[in-house]
């Protein structure tokens with residue numbers, strides 16, 4: 001029985017050049033090129049809504065770890081006889097587990113985002129904290145559970161890596177298989193150099209790494225699969241998560257079979273035992289790199305299709321004499337969609353291109369936001385993972401509708417008798433900024449331009465820091481993200497001393513405290529206009545067409561089910 005790299009007692013200490021090793025070297029280059037290009041494409045389009053929510057920093061770091069291991073294994077048959085005897089032990093014991101740990105930490109992000117988005121289902125009017133306010137943070141376990149999600153994941157993954165490193169080093173130290181001067185007597189190897197290398201490629205020293213691989217593939221992955229079963233998203237993230245979990249199931253068992261079953265010796269001459277793990281890495285790269293690339297392209301195509309539909313509708317109604325007629329038609333169509341949907345027997349045909357174009361316009365979107373935003377809010381939160389956009393638009397609309405005419409007029413708001421009223425509405429605007437826009441305090445900061453963000457920061461960021469506590473740093477494990485998912489605890493101030501507590505969320509602070517400092521002179525009734533228009537356009541070209549398509553699909557499915565019933569058969 002040989003080692004992982006198929007080193008036998010009769011192997012020669014030289015570089016193996018054969019048609020098989022040349023094939024694997026060429027395949028390594030051929031596959032690495034599209035993987036690198038795919039990663040570059042994702043980084044280049046990292047501001048896309050589909051990628052921005054995923055957290056590319058952690059996932060691409062894991063892919064980089066795993067792909068380096070994949071390259072070393074693909075050409076292992078070529079250099080195996082020349083490599084030191086413990087090379088494969090360290091690669092399998094340290095490098096691979098680190099990559100797998102990072103990957104599963106990234107893979108679990110899907111469940112966390114889906115859980116956080118559920119709080120927008122109520123229309124975004126009450127941003128509830130996912131965890132109850134802690135009463136007493138005594139005890140190590142309670143303190144750990146009170147930490148933010150990313151912090152908990154980093155601690156768990158880091159602890160697992162440290163344990164794996166400790167066990168790998170410990171096995172290497174106590175076994176004389178890798179050194180003859182110290183260790184447990186009786187564990188040394190004998191024979192020629194190649195025979196000793198062959199024996200180093202397997203044995204009880206490898207089992208800590210084997211146990212860790214089984215833990216991730218057969219314990220963590222099934223849990224993720226079970227929790228993902230009822231989540232239906234529009235971004236392919238669920239497919240990506242499930243595909244990655246299933247890709248790992250065969251890897252370790254087949255690696256052990258290839259390594260310890262004598263009948264596999266014939267296969268090992270052409271296909272090394274760790275290449276079974278490499279098959280799972282290829283599948284992981286397909287689901288983690290190429291599937292998101294395809295989703296980004298699909299998103300861009302849908303966006304362009306929506307813009308074309310809007311352009312066609314505008315050209316059609318441009319010559320009409322009555323704008324009210326087109327608006328009434330659009331509102332009727334939207335009401336029909338939200339109530340009974342499109343039906344081939346109804347007044348609105350699903351194959352009518354004019355109907356399709358009109359329903360995708362900004363007017364239709366604004367009609368829904370104004371009259372009945374709840375279905376769109378629910379869809380955006382549970383399916384598109386962009387519930388913060390609709391919640392922001394509805395919150396700003398409510399804020400604007402509550403503004404008195406004196407503030408809308410501008411100069412009148414500076415009068416002394418309106419100062420309290422102005423402060424009240426400034427605080428409401430301040431909470432909107434903290435909940436949806438601030439990159440330091442919002443759970444899902446809105447994707448707005450840097451110019452709009454800087455303008456809003458100049459008005460609200462200083463009061464927000466005073467009211468909500470110190471700013472938090474950018475997440476170190478997600479360098480491509482512009483946001484994190486942690487809610488910072490307020491710093492010790494007057495409101496914390498009055499019983500708010502260090503675990504209070506933005507929503508709890510919103511109900512208890514107000515900002516009493518000087519109101520910035522740039523604050524006015526139009527402070528959110530630019531951000532509002534930007535988010536409306538983002539919803540129009542991203543979430544809205546998906547929402548419309550989803551309603552069409554559900555309507556068609558309901559109609560087909562109705563037609564299949566015996567009483568409706570012709």
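Per residue, the convex hull spanned by the Cα atoms of region 152-292 amounts to 143 cubic angstrom. Using the Cβ-Cβ distance between residue 418 and residue 449 with R0 = 41 Å, the FRET efficiency computed as 1/(1 + (r/R0)^6) comes to roughly 0.80.
Each label point was placed 7 Å from the Cα along the Cα-to-Cβ direction; for residue 462 and residue 521 their separation is 1.2 nm. You can think of it this way: the chain between residue 265 and residue 179 has 28.2 nm of extra reach, that is 0.36 nm per residue less the Cα-Cα gap. For residue 257 and residue 225, the FRET efficiency from 1/(1 + (r/R0)^6), where r spans their Cβ atoms and R0 equals 22 Å, is about 0.40.
Note on residue 192 and residue 400: their simple-model spin labels are 8.3 nm apart, each label 7 Å out from Cα toward Cβ. Put a dot 7 Å past the Cα of residue 302, heading toward its Cβ, do the same for residue 371, and the two dots end up 2.4 nm apart. Available extension along the chain between residue 43 and residue 26 is 3.5 nm, counting 0.36 nm per residue and deducting the alpha carbon span.
Subtracting the Cα-Cα distance from 0.36 nm times the residue separation, let me have the gained length for residue 362 to residue 79 in nm, one decimal. Here the segment from residue 362 to residue 79 would lengthen by 95.7 nm. Mind checking the log10 I(q)/I(0) for region 208-269 at q = 0.12, 0.20 Å⁻¹? Debye, one equal scatterer per Cα, no solvent, two decimals. Relative scattering, expressed as log10 I(q)/I(0), comes to -0.42, -0.79.
When the label point is put 7 Å from the Cα of residue 530 along its Cα-to-beta-carbon vector, which residues of region 421-454 have a backbone N closer than 11 Å? Flagged as within label range: 449-454.
Every number here is computed from the coordinates shown, using simple stated rules; none is lab data. These numbers were taken from a predicted model, which means no experiment stands behind them. Neighbour counts are summed over all protein chains in view; Cβ atoms, including those assigned to glycine, are modelled from backbone coordinates with ideal geometry.
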